[in-house]
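Notes for the one structure printed next.
Read-outs throughout are calculated quantities, based only on the coordinates presented, and are distinct from any laboratory measurement. These numbers were taken from a predicted model, which means no experiment stands behind them. Glycine also receives a Cβ, built like all others from the backbone with ideal geometry; neighbour counts cover every protein chain displayed.
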Amino acid sequence: MKKYNVHRSRARNAISWVLSLIMIVAGIALVASFFLAGRLDSTATNSDDPGGFNVPKLETTREENTSNAGPEDKTLELTVPAMSRIENDDVPYTTGTDEEALKTNAAIHLEGTGFPWDSEANVYIAGHRLGYPNTESWLTFWDLSNVGVGDDIYVTDANGTRYTYSVFKTFVVSPSDTHVTDTRPGKNIVTLQSCTLPDYKERLVVQGELTETTEKAA
């Protein structure tokens, strides 16, 4: 009987320990969900501008740097297979302070940077990590960190010409580093940018080089 009571006592202790552990885990999950919900209801970063979006501020315009070739409609279409939410998304050509464009699109093509049809260009595209709930910007560049060297990035112009870029570099810079918009001599590259996690204080940058141009079939 004594041995039986010992076993019962051990069983009760084990059950109590398991229940306590479950309650602790549930409490942590509840607190985490509270803070996560608060963060997801906010805008994408903690910067000072209205959209919380840090993009390079360029002192020169595209007209001073590149040709005016290409379609009249400068809107691009972006597909990144390594990113779950970026497929055939429209990317307007506008400034980094165009809050309406940032809310209503997956990303923006930064005004003052080049185009895929230019012989030498840096096609600079920026998107939110979090963005705005219930808009096209919501979580679009959340998984930018999944993109790695060798991955493809597809950019299509308004005429249907598709430009294939191969990623050659990923790195992190501060919001003040405007050199990421620079061109590379004789090359056409694309740059994807979003904020770093978890504090959004810096910029995650992915760059790819143009490897193939495919005209739309007649």
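A compact table of results
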{"quantity": "Intensity falloff of the stretch 62-214 expressed as log10 I(q)/I(0), Debye formula with alpha-carbon point scatterers, at q = 0.21 Å⁻¹", "calculated": "-1.52"}
{"quantity": "Exceeding the 24 Å Cα-Cα cut-off - candidates LYS169/LYS216; LYS74/LYS187; LYS103/LYS201", "calculated": "LYS169/LYS216"}
{"quantity": "Cβ crowding within 10 Å averaged over residues, with 170-182, 115-127, 97-109 ranked highest first", "calculated": "115-127, 97-109, 170-182"}
